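Below is one structure, written out as structure tokens; comments come after it.
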Amino acid sequence: MLTADYIELEQEYGAHNYHPLDVVIEHAQGIWVYDTDGKRYLDCLSAYSALNQGHCHPKILDAMIEQARKLTLTSRAFRNMQLPLFYEDLHRITGFDMALPMNSGAEAVETALKAARKWGSLVKGIPQDKAEIIVCRNNFHGRTIAIVSFSTDDQYKRDFGPFPAGFRVIPFGDAAALRAAITPNTCAFLVEPVQGEAGVMIPPAGYLREVSAICKQNNVLLMLDEIQSGLGRTGKLFAFEHEGIRPDVVMVGKALSGGFYPISAVLASREVLGLFQPGDHGSTFGGSPLACAIGRAALHVIVDEKLSERSAELGPFFLELLQAIDSPAIRTVRGIGLWIAIELNEPARPYCEALKQSGILCKETHSNIIRLAPPLVIEREDIVWAAEKIRAVVERLGGKGRG
């Protein structure tokens, strides 16, 4: 079939809840993807950081095939050999006492919300059904009813109410606002260390240290959503490590799978996750032997191939090349590790479409921001090539020179 045929089938029989670029990818390896016509593209999105290890990493693929031949699913009604080994690897690599595996990032966030409320009731002594969780403006934690209830993006909420209560919204990057919002019923503060969907929004230096101290002073759980920012993307295993803090709860997903299978997890102290009792929470596929084998391999690749260190080295190099582009179309270029945003003074979609024609796949966010997040296995020469392609597109579409 032709590319247009695949697109027509999708438009005819699929719900229209996405607006993808019109490229139909047929296969991929490492940082490169290939469409049905055989054209090659540099993947500069990495499935929103699910592919930090690159496409079809052979070690993760081998682990998946080996486990799939033995056992794929038991449900949590029974035990399996891979789950305790997955727990052990998560503890050894991250240092957190306990983990609760789920499937998607949104499920991990839902799990954390339940854990925080249970902790608030049983440990902090908040009256039943009165627990409050503070979140930040322009957050993105998923698309379930509970999660979109505290979104500040109108599209995520419109026509989906009524919504559950118990959430308070404050500005992102404003520690004083957090202090002012805390009440005796506050059980947790949920925040992304870097807001990805908002456009790689990086808080002021010292912000996480200050909010960590505020949470400790007020007996409030600090819960960090590291689903996009974690597992090497920002140049550290976790983004919170840049400020030397230790949150109470962390959500991970995306790169925990290496792109092979939906895997997420909540990491926390025994004081928090140890409160769950049989029947309180669960998932048919969460913690399956197949998921655990893949997750273990994905973690080992991140550590063994030093992908966090690669991001720390190559991210500033990529950022410097992009910040050197002189165009009135560019408002600012910012980044942390191999996670970069080019904020434009005009819509970003035409730029993403032009970059596709030039062999680079990326995606706009918030209409005027190009988000770049290549696999962490990218090489320096590929970054130079990409930066020149991006420069050519920006200069062609946005005009040369500021003023």
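No value in this document is a laboratory result; all are computed from the given coordinates. Everything numeric here is computed off the predicted structure, so don't read it as measured data. We place every Cβ from the backbone using ideal geometry, glycine too, and count neighbours over all the protein chains shown.
Per DSSP helix of 4 or more residues, -39500 (n - 2.57); summed, then divided by the residues of the chain. What does that give at 222 nm, rounded to the nearest 500? Before the final figure, lay out each step's value.
Details: 14 runs with 147 residues, N = 403.
It lands at -11000 deg cm²/dmol.
Tell me, how many Å apart are the Cα centres for the stretch 57-123 and for the stretch 316-335? That distance is 38 Å. Per the Debye calculation on the chain with a single equal scatterer at every Cα and no solvent contribution, log₁₀ I(q)/I(0) for q = 0.07, 0.12, 0.13, 0.15 Å⁻¹ amounts to -0.33, -1.00, -1.17, -1.48.
A simple charge model with +1 on the Cβ of Lys and Arg, -1 on the Cβ of Asp and Glu and nothing else charged puts the dipole of the stretch 222-378 at about 280 debye relative to its Cα centre.
Quick check: net charge around Ser308, other residues with Cβ under 12 Å of its Cβ, Lys/Arg +1 and Asp/Glu -1?
Working: positive: Arg233, Lys236, Lys306, Arg310; negative: Glu241, Asp304, Glu305, Glu309, Glu313.
Value of the local net charge: -1.
Database note for the chain: Cys without another Cys beta carbon under 4.7 angstrom, Cys56, Cys136, Cys187, Cys215, Cys292, Cys352. The value for the stretch 316-398 of Rg(Cα) / (2.2 N^0.38 Å) is 0.97.
Simple rule: put +1 on each Lys or Arg Cβ and -1 on each Asp or Glu Cβ in the chain, find the dipole, and look at Thr152, Leu338, Leu42; the Cα lying farthest toward the positive end is Thr152.
Sort Trp119, Trp385 so that the residue with the fewest other Cβ atoms within 10 Å of its own Cβ comes first and the one with the most comes last.
Details: Trp119 24, Trp385 14.
Least to most surrounded, the residues fall as Trp385, Trp119.
All other residues with a Cβ under 11 Å from the Cβ of Asn185 taken together, and with Lys, Arg as +1 and Asp, Glu as -1, what is their net charge? Write out the running numbers ahead of the final one.
Numbers: positive: Arg117, Lys124, Lys130, Arg168; negative: Asp129, Glu132.
That sum, taken over residues with Cβ under 11 Å, equals +2.
Remark: Arg168, Arg246 ranked as Arg246, Arg168, counting other beta-carbon atoms within 10 Å and listing the fewest first.
Could you run the Debye sum over the Cα atoms of the stretch 103-219, one equal point scatterer each and no solvent, and tell me log10 of I(q)/I(0) at q = 0.11, 0.23 Å⁻¹, two decimals? Those come out to -0.35, -1.47, one per q. Placing one equal scatterer on every Cα of the stretch 55-123 and applying the Debye formula, the log10 ratio I(q)/I(0) at q = 0.25 Å⁻¹ is -1.28.
Give me the dipole magnitude in Debye, nearest 20, for the stretch 58-304 about the Cα centre, with unit charges on the beta carbon: positive for Lys and Arg, negative for Asp and Glu.
Details: 25 positive and 24 negative charges, 70 e Å.
Here the size comes out at about 340 debye.
Net charge of the neighbourhood of Ile31, taken over other residues with C-beta under 9 Å away and scored Lys/Arg +1, Asp/Glu -1, is -3.
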